[in-house]
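The values are calculated or read from the model by the stated rules, or taken from the named source; none is laboratory data. These figures come from a predicted structure and were not determined experimentally. Backbone-built Cβ (ideal geometry, glycine too); neighbour counts: all protein chains shown. In case anyone asks, the SASA skips ligands and DNA or RNA and just uses the protein heavy atoms, side chains included. Shrake-Rupley method; radii C 1.70, N 1.55, O 1.52, S 1.80 Å.
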Amino acid sequence: MCNDHSNHDDDTGVEARFRRITDFVEARLTPLFDPANGSDHGFGMDDTSRALRALRYTVQAASQVTGLVEKRETAPELRQVVEQALEHNWDALRSIARMWEDHEDFRKEFKAHSWDVLGV
């Protein structure tokens, strides 16, 4: 199920779109780390826990775009490098989010290619 959510959260800014996709993925990951569910996933040294930590670290790293968008406008000499970083980060989050494409909270905008999101 792909939800449009067109009646709210319609901020099309790059940082807002990164925030929405990150929030969506984090909402899927957080329960996997919750000790209240009787699981030690994410906290053990088994391969599943390591994979969960690696996935969360990837999401956290890819979602750190604060300041990059501004640099794109204020530092023209860095624009190409900044756009490449933003493209890479969006593509990483997009690939991860698409694992839950059938989730009711999945938004069509999460399928967007980086050039559509960034306007490059």
Quiz item: Which of the residues spanning region 79-102 are open to solvent by less than 50 Å² (accessible area, probe 1.4 Å) and either under 14 Å from ALA27 (Cα atoms) or under 12 Å from the mean Cα position of the chain (by Cα) (or both)?
Solution: LEU86, ASN89, TRP90, ALA92, LEU93, ARG94, ILE96, ALA97
Self-check item: Neighbours by Cβ (under 9 Å, 6+ apart or cross-chain): first from region 78-102, among the polar types (S, T, N, Q); second surrounded by 12 or more Cβ atoms within 10 Å (Cβ to Cβ)
Solution: ASN89/PHE18; ASN89/ALA62; ASN89/SER63; ASN89/GLN64; ASN89/VAL65; ASN89/LEU68; ASN89/SER114
Exercise. Just give me the residues in region 88-113 being closer than 20 Å to LEU55 by Cβ, part of a helix (DSSP H, G or I) and of a type in the set (Asp, Glu), in sequence order.
Key: ASP91
Self-check item: Which listed residue, of PHE33, PHE43, is within 19 Å of the chain's Cα centre (by Cα), modelled with pLDDT under 85 and surrounded by 11 or more Cβ atoms within 10 Å (Cβ to Cβ)
Solution: PHE33
Quiz prompt | Candidate set from region 62-77 (those that are in a helix (DSSP H, G or I) and open to solvent by less than 70 Å² (accessible area, probe 1.4 Å)); member that is nearest to ALA112 (Cα to Cα) | solution = ALA62
